[in-house]
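Asks: Take a look at this one; I'll ask things after.
The values are calculated or read from the model by the stated rules, or taken from the named source; none is laboratory data. These numbers come from a predicted model, not from an experiment. When we count neighbours, we look across all protein chains shown, and the Cβ atoms used for this are built from the backbone with ideal geometry, even at glycine.
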Amino acid sequence: VIAEDQALLREGLARLFADAGHEVVATVDDADRLRAAVSEHSPDLAVVDVRMPPSFKDEGIKAAHWIRSAHPDVAVLVLSQHIEAAGAIDLVSEGGFGYLLKDRVLDVAEFMEAAERVQRGGSALDPQVVSTLISSDSEGGMGGLTPREREVLSLMAEGLTNAGIAERLVLTERTVESHARSVFSKLDLPSGEEGHRRVLAVLTYLDPRRNQG
Amino acid sequence: VRRLNRVLPWVVAGAALAVAVFAVVLSALAGEHGDPWWQSALGLCAVLAAVSIGLLITVRRPGHPIGSLLLAEGLLLASVGAADGYAQYAALEDPGALPGAEWAVLWGQSSWPLLFAVILALVLLFPDGRLPSPRWRGVFIGGTVAIGGFLILSFFDPEPFEAPYEDVGRPLPSLPDALSVLWPVFFLGILGSIFAAVRAVRSRFRRATGIERLQFKWLAYSALLVPLVLLVPVIGGVVAGGVEDGAFTALFLFMLGAIPASVGVAVLRYRLYEIDRLINATLVYGALTVLLGATFAAVTLIVGVAIGGDSTFSTAAATLAVAVAFRPLRDRVQTQVDRRFNRARYEGLQKVHRFLDRLRIGRSEPEEVGSVIADAVSDPSLRLFFWLPSDDIHADASGRVHAELPPAPAGRTPVRRGELLLGTIVHSPELAESPGLLDPVIVRAGLAIEIARLRVEVRRQLAEVEQSRARIVAATYEERRRLERDLHDGAQQRLVSIGLDLRHLQHQLGSGNAEAKGSLDAVVGSLTEAIDELRELARGVRPAALDDGLAAALRELGSRSPIPTEVEATEERFSEDIEAAAYFVASEGLTNAVKHAGGSRVVLRAARDNGTLVLSVSDDGHGGAAPGAGTGLTGLEDRVAALGGNLDLRSDDAGTWLMAVFPCE
């Protein structure tokens, strides 16, 4: 299911998924129809625009929360115009959820990879959001990380698996694993977590507001 | 009947005048037996005054008994005069020439108690034509009975007429002598009822407020003339060895005219309010005359004694002394008279005076003038509204506009300075009845009122300018918002969808055409760059993150900063205008810190403090920032000021610190 109020973009997205070999069961243009379509079709993935009628504020985020609680088996990928959207990060760390900037769709390979990862129950957080989190954490122990370790941390926050990170950085999976372990020990995080639990740990560390409660 | 009511007063008045003229003619014909000319003139004037005022009252206030009473008095006076004249001619000058001389003597000598009846009624019914209370009907009836009895006794008196008519026989039969014991009874009855009537007037005056009080003051003012006029021959006799007949007559005539005239003023309420001023002026100029006369006499005497008998010189010196003394003496006497007889006015003016002194040395604000006037005239409900000619509307001292002034019964008094209307004073209805208090207070406070009015007007115009500035800034912001939305939802989305089309095209090319696919990759790459640039542009116009609040926008701002930036922002939401202005202040401050300050760290802070939003940008650079050319601070200052806030910049070796404070509720 694709929910996007702008017709051109909606059709473009539908074609993109179709080209990649997926089946688009419904395209809708507002949050109410999105809820109806999700209930009717129980899709693998719902792609949701943040701004939709009537208020063009955070209808998409609200709908995403509803889907995740009413239909836990439906993964949600939220597309946004902007980096910050309150409430999205909570969902990211639960898994089965992605938050990407809209223009990311033009990088088809990465976009589809993220979408499929989310659909499988993984996470996806836009690289720009991640870099915002990392740079705003100027107080933390980030200084102790090597540039490579930072890259690995960012990609972990984006929701990539070790295999995905290895592919992205053109490294072996074992090298990535060792970098990750190093990051976790340097930041004093519980090691050995996998999947969305790892994302949760990283994001909890990065997002100071969540620490404060 | 109505027609009769309308015509009758004129008939009575005409008859009275005719009879009065007839009396004068008869008295003249009576030669040496007649009255002296001035006595005839007096009689005529008395009739004229009573009749004309009576007529005026009956015309203006139909049915008012005092008009009828004055007419009756005129007619009675005329008839007595005519009876006297007729008796003088027919009984003394040319006996037997005319019939009924004895009747004329009888009327002339015995009808005077009727005048008392009229006066009694007049006093009891003054000023509204009603008795003070039903109890007084007894007094009225008693008086009437006594006067009636007295009349009967007079008409049927067995005694001969008084001189010079002792030889004229009485035309009516005599009453038994035994009834003469009733004389003192009726006489005391008349005296008693008149005494009671005077008491009635006194108690009425004490209870009277407002208009009624003024009416009594008019009566008292003219009634006081009676003893004064009667005293004149006595004083004149003592001081100058006698008063000229002509001068006394003039005074007496004045008195005769003044009493009905003041009764008329009281009843008709024409210029009723002048009485206080009139009494005041009488007191002031009376005292002034005495004092200046004494000055003149003293100077004449002293100079005459000192230099010898040159009377021209001493008169000139005395005149000069009087001329010099006039103005200060008048002011002083006026103050003293006010102090003694018009306490309220005196103290009111003193209060205004003290206020003006405080105003001059800057201890009071001109806007307080309204409450000072309220205090000066002891009317807590009094309010002063300033007239704003540009808007054709009234405003109070705080500049708040009042389209409608408080309605009746509140009194309104316009405040003018020359031709210019300064404002309107709204006050209790009672105050309208003593303009002798309010008017001088307003005149004294005039300058302060004018200053206050100008200040209110300027403040109001300033407020309008500020509002329009705020509107312009708000409109600018709205425009930015629209532009940002257009960029995001229009151009940017369109570019993304074109990119998607290209990707679709690329997909359709299949695996065959690698070169074309590579070119498409490059095209999509530059399209992505264009989208990034567009996003940056839109962010500069208005950061979309503001939709999620100031804190979100500041965090985003800080995250893009090339130097470490700490953000401590409250998650509270404020009005959109304030959030936007605060964001732009932060953005400008951050840009300056990055560009010029050369610091290693910037702190962005936003916190609610005591009804304000305080936003600050501080760095640890080398300072040197100054408002003015080259910085965007001037524009920011306008933006902040338009929201009622202010912008503060400090810059020294320890760093630069920019702070904006916005009022917010």
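Asks: Please verify whether B:VAL567 is within 19 Å of B:PHE662 (Cβ to Cβ), more than 60 Å from the chain's Cα centre (by Cα) and within 10 Å of another protein chain (Cβ to nearest Cβ), treating the condition exactly as stated.
Replies: Numbers: within 19 Å of B:PHE662 (Cβ to Cβ): yes; more than 60 Å from the chain's Cα centre (by Cα): yes; within 10 Å of another protein chain (Cβ to nearest Cβ): yes.
When the stated conditions are applied, B:VAL567 passes them.
Asks: Do you know which residues across the range B:495-512 are more than 7 Å from chain A (Cβ to nearest Cβ), under 21 Å from A:GLU110 (Cβ atoms) and of a type outside the set (Ser, Thr, Tyr)?
Replies: Within the range B:495-512, B:LEU495, B:ILE498, B:LEU502, B:LEU505, B:GLN506, B:GLN508, B:LEU509 meet the criteria.
Asks: Of the conditions (1) hydrophobic (A, V, I, L, M, F, W, C); (2) outside any helix (DSSP H, G or I); (3) within 14 Å of another protein chain (Cβ to nearest Cβ); (4) more than 21 Å from the chain's Cα centre (by Cα), A:VAL25 fails just one. Which one is it?
Replies: In the conditions (1) hydrophobic (A, V, I, L, M, F, W, C); (2) outside any helix (DSSP H, G or I); (3) within 14 Å of another protein chain (Cβ to nearest Cβ); (4) more than 21 Å from the chain's Cα centre (by Cα), A:VAL25 misses (3) alone.
Asks: Would you pick out the residues in the range B:569-584 that are assigned to a helix (DSSP H, G or I) and more than 21 Å from B:ARG650 (Cα to Cα)? Even if it seems obvious, please write down each step before you answer.
Replies: First pass over the range B:569-584, keeping only residues assigned to a helix (DSSP H, G or I): B:576-584.
Result: B:GLU576, B:ASP577, B:ILE578, B:GLU579, B:ALA580.
Asks: If you scan the range B:383-401, which residues turn out to be in a strand (DSSP E or B) and of a type in the set (D, E, K, R)?
Replies: Of the residues in the range B:383-401, the ones in a strand (DSSP E or B) are B:383-388, B:393-395, B:401.
Matches in the range B:383-401: B:ARG383 only.
Asks: Right, next: Only one of B:GLN467, B:GLN461, B:GLN492 is of a type outside the set (A, V, I, L, M), over 12 Å from the mean Cα position of the chain (by Cα) and within 14 Å of chain A (Cβ to nearest Cβ); which?
Replies: On the way: B:GLN467 fails: within 14 Å of chain A (Cβ to nearest Cβ); B:GLN461 fails: within 14 Å of chain A (Cβ to nearest Cβ).
Result of the check over B:GLN467, B:GLN461, B:GLN492: B:GLN492.
Asks: Same structure again: Out of (1) at pLDDT below 80; (2) surrounded by fewer than 20 Cβ atoms within 10 Å (Cβ to Cβ); (3) more than 22 Å from A:LEU9 (Cα to Cα), what's the single condition that is false for A:SER93?
Replies: (2)
Asks: Looking at this structure, is B:SER180 among the polar types (S, T, N, Q) and farther than 17 Å from B:THR144 by Cα? Walk me through it before giving the result.
Replies: Details: among the polar types (S, T, N, Q): yes; farther than 17 Å from B:THR144 by Cα: yes.
Yes; evaluated as a whole, the condition is true for this residue.
Asks: Just to verify a result, which residue in the range A:99-134, among those that are among the polar types (S, T, N, Q) and away from every other protein chain (no Cβ under 14 Å), is farthest from A:ALA75 (Cα to Cα)?
Replies: At the first step, the residues of the range A:99-134 found to be among the polar types (S, T, N, Q) are A:119, A:123, A:128, A:131-132.
Retained after the next criterion (residues that are away from every other protein chain (no Cβ under 14 Å)): A:119, A:123.
Details: A:GLN119: 5, A:SER123: 10 Å.
The selected residue is A:SER123.
Asks: If you take the residues in the range B:402-419 that are without any contact (Cβ under 8 Å) to a residue 24 or more places away in the chain and not in a loop (DSSP other than H, G, I, E, B), which one is surrounded by the most Cβ atoms within 10 Å (Cβ to Cβ)?
Replies: Here is the first cut: in the range B:402-419, the ones without any contact (Cβ under 8 Å) to a residue 24 or more places away in the chain are B:402-409, B:411-412, B:414, B:416, B:418-419.
Add one more test, that the residue is not in a loop (DSSP other than H, G, I, E, B), and what stays is B:402, B:411-412, B:414, B:416.
Working: B:HIS402: 15, B:GLY411: 20, B:ARG412: 14, B:PRO414: 11, B:ARG416: 15.
Step by step, filter the range B:402-419, then rank; the result is B:GLY411.
Asks: Out of (1) among the β-branched types (Val, Ile, Thr); (2) farther than 28 Å from B:LEU613 by Cβ; (3) in contact with a Phe, Trp or Tyr (Cβ under 7 Å, 6 or more places away or on another chain), what's the single condition that is false for B:ILE578?
Replies: If we test B:ILE578 against (1) among the β-branched types (Val, Ile, Thr); (2) farther than 28 Å from B:LEU613 by Cβ; (3) in contact with a Phe, Trp or Tyr (Cβ under 7 Å, 6 or more places away or on another chain), just (2) comes out false.
For (1) farther than 30 Å from B:SER428 by Cα; (2) over 41 Å from the mean Cα position of the chain (by Cα); (3) without any contact (Cβ under 8 Å) to a residue 40 or more places away in the chain, each residue gets a yes or a no:
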| residue | (1), (2), (3) |
| --- | --- |
| B:PRO176 | yes, yes, yes |
| B:PRO184 | yes, yes, yes |
| B:ILE190 | yes, yes, no |
| B:VAL201 | no, no, no |
| B:PHE205 | no, no, yes |
| B:GLU212 | no, no, no |
| B:ALA220 | no, no, yes |
| B:LEU228 | yes, no, yes |
| B:LEU231 | yes, no, yes |
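Asks: Does B:GLU576 satisfy the criteria of being surrounded by fewer than 21 Cβ atoms within 10 Å (Cβ to Cβ), closer than 15 Å to B:LEU658 by Cβ, touching a residue at least 40 places away in the same chain (Cβ under 8 Å) and of a type outside the set (Phe, Trp, Tyr)?
Replies: On the way: surrounded by fewer than 21 Cβ atoms within 10 Å (Cβ to Cβ): yes; closer than 15 Å to B:LEU658 by Cβ: no; touching a residue at least 40 places away in the same chain (Cβ under 8 Å): yes; of a type outside the set (Phe, Trp, Tyr): yes.
For B:GLU576, the condition - surrounded by fewer than 21 Cβ atoms within 10 Å (Cβ to Cβ), closer than 15 Å to B:LEU658 by Cβ, touching a residue at least 40 places away in the same chain (Cβ under 8 Å) and of a type outside the set (Phe, Trp, Tyr) - is not met.
Asks: I've got another one for you. Which residue out of B:LEU520, B:LEU550, B:LEU534, B:LEU546 is in contact with a Phe, Trp or Tyr (Cβ under 7 Å, 6 or more places away or on another chain) and modelled with pLDDT of 85 or more? Before the answer, list the steps.
Replies: Values: B:LEU520 fails: in contact with a Phe, Trp or Tyr (Cβ under 7 Å, 6 or more places away or on another chain); B:LEU534 fails: in contact with a Phe, Trp or Tyr (Cβ under 7 Å, 6 or more places away or on another chain); B:LEU546 fails: modelled with pLDDT of 85 or more.
Going through B:LEU520, B:LEU550, B:LEU534, B:LEU546 in turn, the sole match is B:LEU550.
Asks: Could you tell me whether the range B:585-600 includes any residue that is part of a strand (DSSP E or B), crowded, with 18+ Cβ neighbours inside 10 Å, touching a residue at least 40 places away in the same chain (Cβ under 8 Å) and away from chain A (no Cβ under 11 Å)? Let's see the steps before the verdict.
Replies: Narrowing the range B:585-600 to residues part of a strand (DSSP E or B): none.
Scanning the range B:585-600 turns up no residue that is part of a strand (DSSP E or B), crowded, with 18+ Cβ neighbours inside 10 Å, touching a residue at least 40 places away in the same chain (Cβ under 8 Å) and away from chain A (no Cβ under 11 Å).
Asks: Now a separate question. Residue check: is B:GLN334 out of contact with any strand residue (DSSP E or B) (no Cβ under 7 Å at 6 or more places or on another chain) and at pLDDT below 85? Write out each step before concluding.
Replies: Working: out of contact with any strand residue (DSSP E or B) (no Cβ under 7 Å at 6 or more places or on another chain): yes; at pLDDT below 85: yes.
Spelling it out, B:GLN334 is indeed out of contact with any strand residue (DSSP E or B) (no Cβ under 7 Å at 6 or more places or on another chain) and at pLDDT below 85.
Asks: Going by what's in this entry, would B:LEU29 be described as surrounded by fewer than 22 Cβ atoms within 10 Å (Cβ to Cβ), among the hydrophobic types (A, V, I, L, M, F, W, C) and at pLDDT below 85?
Replies: Details: surrounded by fewer than 22 Cβ atoms within 10 Å (Cβ to Cβ): yes; among the hydrophobic types (A, V, I, L, M, F, W, C): yes; at pLDDT below 85: yes.
So B:LEU29 fits the description; yes.
Asks: Are any of the residues in the range B:470-492 in a helix (DSSP H, G or I), farther than 29 Å from A:PHE56 by Cα and out of contact with any Gly (no Cβ under 6 Å at 6 or more places or on another chain)?
Replies: Our first condition is that a residue be in a helix (DSSP H, G or I); within the range B:470-492, this holds for B:470-492.
Filter once more, keeping what is farther than 29 Å from A:PHE56 by Cα: none.
Within the range B:470-492, none of the residues are in a helix (DSSP H, G or I), farther than 29 Å from A:PHE56 by Cα and out of contact with any Gly (no Cβ under 6 Å at 6 or more places or on another chain).
Asks: Go through B:ALA317, B:ALA294 for me and flag whichever is surrounded by 14 or more Cβ atoms within 10 Å (Cβ to Cβ) and without any contact (Cβ under 8 Å) to a residue 60 or more places away in the chain.
Replies: Values: B:ALA294 fails: surrounded by 14 or more Cβ atoms within 10 Å (Cβ to Cβ).
Matching residue, one of B:ALA317, B:ALA294: B:ALA317.
Asks: Same structure, new question: Here are the criteria: (1) among the small types (Gly, Ala, Ser); (2) farther than 26 Å from A:ASP107 by Cα; (3) in a helix (DSSP H, G or I); (4) within 14 Å of chain B (Cβ to nearest Cβ). Tell me which single one A:SER39 does not satisfy.
Replies: So the condition that A:SER39 fails would be (4).
Asks: Something else about it: Are there any pairs, at least 6 apart or on different chains, whose C-beta atoms fall under 8 Å, with the first in the range B:80-93 and within 13 Å of B:TRP107 (Cα to Cα) and the second modelled with pLDDT under 85 and of a type in the set (Asp, Glu), and if so, which?
Replies: Sorted first by the residue in the range B:80-93, then by its partner, the pairs are B:ASP84/B:ASP35; B:GLY85/B:ASP35; B:GLN88/B:ASP35.
Asks: Take the range B:513-564 and flag every residue that is among the hydroxyl-bearing types (Ser, Thr, Tyr) and facing chain A (nearest Cβ under 10 Å). Break it down stepwise before answering.
Replies: First pass over the range B:513-564, keeping only residues among the hydroxyl-bearing types (Ser, Thr, Tyr): B:519, B:526, B:528, B:559, B:561.
Of everything in the range B:513-564, those that are among the hydroxyl-bearing types (Ser, Thr, Tyr) and facing chain A (nearest Cβ under 10 Å) turn out to be B:THR528, B:SER559, B:SER561.
Asks: Please count how many residues of the range B:183-207 are crowded, with 16+ Cβ neighbours inside 10 Å and among the aliphatic types (A, V, I, L, M).
Replies: 6
Asks: Check off (1) of a type in the set (S, T, N, Q); (2) loosely packed, with under 15 Cβ neighbours inside 10 Å; (3) in contact with a strand residue (DSSP E or B) (Cβ under 7 Å, 6 or more places away or on another chain) for B:SER398 and give me the number that stays unchecked.
Replies: (3)
Asks: Let me ask you something else. Among residues belonging to the range A:42-62 that are modelled with pLDDT of 85 or more and more than 14 Å from chain B (Cβ to nearest Cβ), point out the one that is farthest from A:LEU13 (Cα to Cα). If you could, list the steps in order and put the result at the bottom.
Replies: If we filter the range A:42-62 for residues that are modelled with pLDDT of 85 or more, which is where we start, we get A:42-49.
The next check asks that each one be more than 14 Å from chain B (Cβ to nearest Cβ); those that pass are A:42-46, A:48.
Details: A:SER42: 19, A:PRO43: 16, A:ASP44: 16, A:LEU45: 13, A:ALA46: 12, A:VAL48: 11 Å.
Residue satisfying both the conditions and the ranking: A:SER42.
Asks: Do the conditions hold for A:ARG10, that is, is it over 19 Å from the mean Cα position of the chain (by Cα) and either free of Cβ contacts under 8 Å to residues at least 12 places away in the same chain or over 16 Å from B:HIS504 (Cα atoms) (or both)?
Replies: Numbers: over 19 Å from the mean Cα position of the chain (by Cα): yes; either free of Cβ contacts under 8 Å to residues at least 12 places away in the same chain or over 16 Å from B:HIS504 (Cα atoms) (or both): no.
For A:ARG10, the condition - over 19 Å from the mean Cα position of the chain (by Cα) and either free of Cβ contacts under 8 Å to residues at least 12 places away in the same chain or over 16 Å from B:HIS504 (Cα atoms) (or both) - is not met.
Asks: Kindly indicate which of A:ASP30, A:ASP5 is of a type in the set (Asp, Glu) and more than 19 Å from B:GLN492 (Cα to Cα).
Replies: On the way: A:ASP5 fails: more than 19 Å from B:GLN492 (Cα to Cα).
From the options A:ASP30, A:ASP5, the qualifying one is A:ASP30.
Asks: On the basis of being under 60 Å from the mean Cα position of the chain (by Cα), part of a helix (DSSP H, G or I) and under 17 Å from B:ALA660 (Cα atoms), does B:LEU554 make the cut? Quick ask: steps written out before the conclusion?
Replies: Numbers: under 60 Å from the mean Cα position of the chain (by Cα): yes; part of a helix (DSSP H, G or I): yes; under 17 Å from B:ALA660 (Cα atoms): yes.
Yes.
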